[in-house]
Amino acid sequence: MLQKVKFDPKQLDDYQLIVGDEVIAEIKALAKPLEGARVVHVNATAFGGGVAEMLYTLAPLMNDVGIETEWQVIQGADEFYTVTKICHNGLQGMVVPFTDEMKDIWRRYNEMNAQYFEGDYDFVVIHDPQPAAMLHYTEGKGGDHWAWRCHIDTSHPNPAYWDFFAPYINAYEAGIFTMEQYVGPGVSFEHLAIIPPRIDPLSPKNVPIAMERARDIVKRFGIDVDRPLITQVSRFDPWKDPLGVIDAYRIVKEQMPEVQLALVGSMASDDPEGWSYLDKTIRHAGEDFNIHILHNFHGVGALEVDAFQTVSDVVIQKSTREGFGLVVTEALWKGVPVVGGNVGGIPLQILDGETGFLVDTVEECAEKTLYLLQHPNERAQMGNAGREHVRQHFLSPHHLADYLRLFNQMRGA
Ligand code: UDP
């Protein structure tokens, strides 16, 4: 049995004041021909990770506009998740072997889940590689239109993985990718949709909190809120380059000794890679007590992330590789300019010189960060522009609109 995920209802009208009447009216018009349609989202987890977070908003909003939407999670055991984690890396280009045993495990769990897949839907949206063979093994039973939603960057996959996955993926009527260049080599779809992820402006992480309250929260972590603060919120992962952020901070500090750095990252207890990279980051920071390295074991949850993003003078996201970078969206939404790596989905969000700065090196990162710290008026202007950019393009109602557009296309409307 796949697990049916329960989610709380949400109302599209609650977003009206934020995104404006036109967007809401457009969504209602897009939803009209789809009224009564039945949709199911299928993915691998109900908790943790951006996909689950987005589905908790997208699924209830679809329901609210008259589409009967469900969410089901496939079932698996450790051996399956071990394989799918490696597949995730391989599909993003990592050089790692793909054995026949791994392939068998992946097929076996997909076949089993396909056998237990129940319901009769107009649209089935399969998220990510873990359940990608659901269409193959159900032979399309249970759904009229099938879409595969890829949340990872498959632009340069390891061929051993891609050659194996491509036929399963190619079978879908529609492919949904974050960016055009993420579509892997040699696959094509009747309908290709480019849909970036979005943030929910009403979620606890993104709802505005009063500056005074945010300052109080941040103070609890030893930050002096009367001195400049730069922050990066990220997993402790080499691609997020926390060591480079520390190096950039040190250059800034030469000109502005009072500056402080917060590196905020959530840790999963079963992620040994994350812990060892955290150790490395702490060693790199050394005895500098103006570098604050914090994670969820310090009690940093959604509210605290919100507070750090709200209070920071500049947010950094110095990734050297990035899918989309929801943390950039979140910071811009709080009116804080972001200095970010010129990779992945970051340039969609940071309009260079308008909502922040795109950088390629530590030195550039330091230079732009210092510039923003020393120019409060421009900082405020860019912060406003960033918030407006997100308001127009990167909020949950836009996400809903994109899906409705795709469903209409698939129905030939
Ligand atoms: N995040 C969090 N606490 C942390 C670090 C990250 O809640 O300490 C959240 C962050 O707010 C964002 C998500 O994790 O919503 C990370 O998404 P992103 O696309 O930036 O990067 P990913 O980790 O998916 O590569």
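The residue of region 233-270 that is farthest from Val338 (Cα to Cα), among those that are free of Cβ contacts under 8 Å to residues at least 40 places away in the same chain and within 11 Å of the ligand (Cβ to nearest atom), is Met267. The residue that is surrounded by the fewest Cβ atoms within 10 Å (Cβ to Cβ), counting only those in region 365-391 that are within 23 Å of Met179 (Cβ to Cβ) and out of contact with any helix residue (DSSP H, G or I) (no Cβ under 8 Å at 6 or more places or on another chain), is Glu388. You will find that of Gly66, Gly48, Gly76, Gly36, the residue that is in contact with an Asp or Glu (Cβ under 6 Å, 6 or more places away or on another chain), assigned to a loop (DSSP other than H, G, I, E, B) and under 27 Å from Phe123 (Cα atoms) is Gly66 and no other. Is it fair to say Met54 is of a type outside the set (D, E, K, R), out of contact with any Leu (no Cβ under 8 Å at 6 or more places or on another chain) and open to solvent by less than 40 Å² (accessible area, probe 1.4 Å)? So Met54 fits the description; yes. Residue selection: Val65 fails the criterion of being open to solvent by less than 30 Å² (accessible area, probe 1.4 Å), under 20 Å from Ala46 (Cα atoms) and not hydroxyl-bearing (Ser, Thr, Tyr).
The residue that is surrounded by the most Cβ atoms within 10 Å (Cβ to Cβ), counting only those in region 321-335 that are within 12 Å of the ligand (Cβ to nearest atom) and in a loop (DSSP other than H, G, I, E, B), is Gly325.
Tallying residues that are over 20 Å from the mean Cα position of the chain (by Cα), among the hydrophobic types (A, V, I, L, M, F, W, C) and open to solvent by less than 20 Å² (accessible area, probe 1.4 Å) within region 138-168 yields 4. Counting residues in region 374-385 that are of a type in the set (D, E, K, R) and part of a strand (DSSP E or B) gives zero. Residues in region 283-333 that are among the hydrophobic types (A, V, I, L, M, F, W, C) and more than 25 Å from Arg391 (Cβ to Cβ): 7 in all. Arg213 falls short on exactly one of the conditions (1) in a helix (DSSP H, G or I); (2) within 16 Å of the ligand (Cβ to nearest atom); (3) open to solvent by 20 Å² or more (accessible area, probe 1.4 Å), and that condition is (2).
Residue-by-condition table, conditions (1) of a type in the set (Phe, Trp, Tyr); (2) open to solvent by 30 Å² or more (accessible area, probe 1.4 Å); (3) closer than 30 Å to Met62 by Cα; (4) touching a residue at least 24 places away in the same chain (Cβ under 8 Å):
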{"position": "Asp78", "(1), (2), (3), (4)": "no, yes, no, no"}
{"position": "Thr82", "(1), (2), (3), (4)": "no, yes, no, no"}
{"position": "His88", "(1), (2), (3), (4)": "no, yes, yes, yes"}
{"position": "Val95", "(1), (2), (3), (4)": "no, yes, no, yes"}
{"position": "Glu101", "(1), (2), (3), (4)": "no, yes, no, no"}
{"position": "Tyr116", "(1), (2), (3), (4)": "yes, yes, yes, yes"}
{"position": "Tyr121", "(1), (2), (3), (4)": "yes, no, yes, yes"}
{"position": "Val125", "(1), (2), (3), (4)": "no, no, yes, yes"}
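Just one of the listed residues (Pro204, Pro208, Pro228) is out of contact with any Phe, Trp or Tyr (no Cβ under 7 Å at 6 or more places or on another chain) and either within 13 Å of the ligand (Cβ to nearest atom) or more than 21 Å from Leu332 (Cα to Cα) (or both), namely Pro204. For region 272-311, name all the residues that are within 20 Å of the chain's Cα centre (by Cα), touching a residue at least 24 places away in the same chain (Cβ under 8 Å) and within 11 Å of the ligand (Cβ to nearest atom). Gly274, His295, Asn296, Val300, Ala302, Leu303, Glu304, Val305, Asp306, Phe308, Gln309 - these are the residues of region 272-311 that are within 20 Å of the chain's Cα centre (by Cα), touching a residue at least 24 places away in the same chain (Cβ under 8 Å) and within 11 Å of the ligand (Cβ to nearest atom).
If you check Phe98, Phe123 for being in contact with a helix residue (DSSP H, G or I) (Cβ under 7 Å, 6 or more places away or on another chain), under 15 Å from Val39 (Cβ atoms) and not in a helix (DSSP H, G or I), only one passes: Phe123.
The values are calculated or read from the model by the stated rules, or taken from the named source; none is laboratory data. Everything numeric here is computed off the predicted structure, so don't read it as measured data. Neighbour counts are summed over all protein chains in view; Cβ atoms, including those assigned to glycine, are modelled from backbone coordinates with ideal geometry. For accessibility, only protein heavy atoms count, side chains too; no ligands or nucleic acids. Shrake-Rupley method; radii C 1.70, N 1.55, O 1.52, S 1.80 Å.
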